1. State the extension gain, in nm to one decimal, for the chain segment bounded by residue 364 and residue 334, taking 0.36 nm per residue of separation less the distance between their alpha-carbons.
2. Cut-off is 10 Å between beta-carbons; in what order do 141, 246, 391 appear when sorted fewest neighbours first?
3. Using alpha-carbon pairs under 8 Å, 6+ residues apart, how would you state the relative contact order of the stretch 173-260 in percent?
4. Please compute the contact order of the chain in relative form: average sequence separation of alpha-carbon pairs under 8 Å and at least six residues apart, divided by the residue count, as a percent.
5. Mind listing the long-range amide H neighbours of residue 213? Cut-off is under 5 Å, sequence gap 5 or more, other chains count too, H placed in the peptide plane at 1.01 Å from N.
6. Along the stretch 146-163, what does the Karplus equation 6.51 cos²θ - 1.76 cosθ + 1.60 (θ = phi - 60°) give for ³J(HN,Hα), rounded to whole Hz, x for Gly and Pro?
7. Using the Cα gyration tensor of the stretch 105-185, with a ≥ b ≥ c the square roots of its eigenvalues, what is the shape: rounded (a/c below 1.5), prolate (a/b larger than b/c) or oblate (neither)?
8. Please say if the stretch 332-425 is rounded, prolate or oblate, where rounded means a/c under 1.5 for a ≥ b ≥ c the square roots of the C-alpha gyration tensor eigenvalues, and otherwise the choice is prolate for a/b larger than b/c and oblate otherwise?
Amino acid sequence: MSAKIVVAGAGHGGIAAAALLARKGYDVTLVEQHEEAALGYDWRDCIQLYCFEETGLEPPPESELEPLYNLAYFNPRKTVCIPPRRERSSVSMFIERKYLVRHLLRLAGESGVRLRFSCRAESAVMNGTRVVGLKTADGVLPCDLLIDAAGMDSPVRRSLPDSCGIQREISRSDTLYTYRALFEDTGESADMPIYCAYFYHCGNKGFNWVFRDGTYIDVLVGSVGGITPQIVENALSDFRADHPYLGQNLLRGGAYSKIPLRRTLPQFVCDGYAAIGDSAVMIEPLSGSGLTMSIRSAAYLCSAVEAAKTFSRAELWAYEEAYFRRSLHTILHDDALKDVMMQMGEKNMDAMFEKKVITTKELNGGKQTASDMWHKAIGVLTTPSVAPALLRMVRRGRIEPRVIRSLPHEYDAARVAEWQRAYVRY
């Protein structure tokens, strides 16, 4: 008899993992609390198509993809615009979230996954320190492996006992509270980049953007720790002053949501359990979209499951190791950059933009020259209040190679625990 696998939640990574495992002959059931028609946010997000190549899943058709342009960044005072190194992305595309969920669910259904909608996951069922099932509003589903794809506020992860060693809660300070909406394009002209992103916009600690793509205007208002309608209204009012093409009529979206704004959890597997996607916080802190990382992680999880006999933590470490080995540098770099920007404050952020300490090479990548370093040194010396944040980033940069090198390739409880402590301290 094939092993029974239950996937809790229709997160992108969870659906992809369900499809891959069903194709391998596993008995897979996916449960989702919402109706199928209600799944997916009513807007687009970026995705890198190589995640489908890595998993072997059929990619979405080109007709459902749109070009993605890179961001131009503004400081809080809007005195400096840092343009992208290249206007159009060479690797990422835009895709409608609702379409992507439907596409993945179709692949899962065709692969033999049993899909149960309007079935709310409540908690993990434990036998000692081992997860042995999923409690739902409709009853208990026993399983050999429970895959948690129920999101950053997953009730499954939150229900795990301390003995599992997995962080249950994501703090408010590690959460970007967002408002996302698509407004009409009035057709008015303005000498602005296509995609504009703002730090500490209107004095709010967070990250906002305005995208114009010729069809509608895509607006994100993101605030660390919490958001209010007044924060949103202030941002929209200021946007309309600089972007006269941003109309008043709401076309789609207009919803509040949350994005984890921190590095991936140090542990996201235990005996009989594995988290994926936002349940494990698989998101690049500065990208705002974890679609690519979630879907590609399904391949790592499938590989570990195939090699496992009892789905123990030791066996499932292969999944964690593969994920971190391919993503750790990006995770640590983005988390350090996010940390320094969030701790700097708007006045210091203005100074760092204006004195060329923060340039396109920090935000968009690129090799630093001697001239770059000279400007940065002068900027820091003439703005001593930024020193604590920058010294913290320098310290983290020196530690990063050690954290990467010390990642255990094979499971050893002591070595894994030591690495996790270093990762948490980073």
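1. 9.7 nm
2. So the ranking, lowest neighbour count to highest, is 391, 141, 246.
3. Rounded, it is 47 percent for the stretch 173-260.
4. Working: 860 pairs, mean separation 72.7, N = 426.
In percent, rounded to a whole number, it is 17.
5. 218
6. With coefficients 6.51, -1.76 and 1.60, one gets 10, 9, 9, 10, 9, x, 5, 9, 3, x, 6, 4, 5, 8, 5, x, 4, 4 Hz.
7. oblate
8. Note, shape of the stretch 332-425 comes out prolate.
Read-outs: derived from the displayed coordinates by stated rules, not from any lab. These figures come from a predicted structure and were not determined experimentally. Glycine also receives a Cβ, built like all others from the backbone with ideal geometry; neighbour counts cover every protein chain displayed.
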